[in-house]
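Q: Have a look at the structure that comes next, please.
The values are calculated or read from the model by the stated rules, or taken from the named source; none is laboratory data. Note that this is a predicted model, so its numbers are computed, not measured. Here Cβ is always computed from backbone atoms with ideal geometry, including for glycine, and neighbour counts include all displayed protein chains.
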Amino acid sequence: MSPRERAVLEAMISHAHDFAESSSPDAASRQRWLAQLAGTRAGRRCECGTCPSIALEDASGRTPTMADSRVVLSADAPGALLLLFIDDDQLSYLELAPLEPDARIAEFPAVEFIGFAPAGPEA
């Protein structure tokens, strides 16, 4: 995993909001996910050609799959939506989804360009 990917992953765990709930995960959840960082590495890269999204593997090389429990953390990036998928409490996928249909984004943004305000009327 590149230093930028790791920084984005850490920032998402620390600051992003639950996509479905427009709320923040509790501190205990964030601590569990942060504890996984040391053993997390980049897995398979998205093949769409428009984004730098990556599957996340644990130290054994396993990538979690969609399971019984899924949390999706979200944040805003320039021209894109940034998502972190957590399946059965395991970091599983870091996605940068361009907002424009023909946009191509080669790398994740620097952390200082990520917006962590929750979506919804209170934002």
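Q: Condition first: more than 20 Å from F116 (Cα to Cα), among the polar types (S, T, N, Q), out of contact with any helix residue (DSSP H, G or I) (no Cβ under 8 Å at 6 or more places or on another chain) and not in a helix (DSSP H, G or I). Can you find one or more residues in the range 72-81 that meet it?
A: No, the range 72-81 has no match at all.
Q: Same structure again: Can you name every residue in the range 82-91 that is without any contact (Cβ under 8 Å) to a residue 60 or more places away in the chain and assigned to a strand (DSSP E or B)?
A: F85, I86, D87, Q90
Q: Something else now. Got at least one residue in the range 1-20 being buried (at least 16 other Cβ atoms within 10 Å of the Cβ), part of a loop (DSSP other than H, G, I, E, B) and aliphatic (A, V, I, L, M)?
A: yes
Q: Looking at the range 53-66, can you tell me whether even one residue there is assigned to a loop (DSSP other than H, G, I, E, B) and modelled with pLDDT of 95 or more?
A: Checking the range 53-66: at least one residue is assigned to a loop (DSSP other than H, G, I, E, B) and modelled with pLDDT of 95 or more.
Q: Select from the range 80-108 the residues that are of a type in the set (G, A, S) and touching a Leu at 6+ places or on another chain (Cβ under 9 Å) and write down the one among them that is nearest to C46 (Cα to Cα).
A: Selected residue: A97.
Q: Could I ask something else about it? Pick from the range 44-62 the residues that are crowded, with 17+ Cβ neighbours inside 10 Å and not charged (D, E, K, R): which of them is nearest to E95 (Cα to Cα)?
A: If we take residues in the range 44-62 being crowded, with 17+ Cβ neighbours inside 10 Å and not charged (D, E, K, R), then S53 is nearest to E95 (Cα to Cα).
Q: Which residue is surrounded by the most Cβ atoms within 10 Å (Cβ to Cβ), if the candidates are limited to the range 70-103 and must be out of contact with any strand residue (DSSP E or B) (no Cβ under 7 Å at 6 or more places or on another chain) and not hydrophobic (A, V, I, L, M, F, W, C)?
A: Q90
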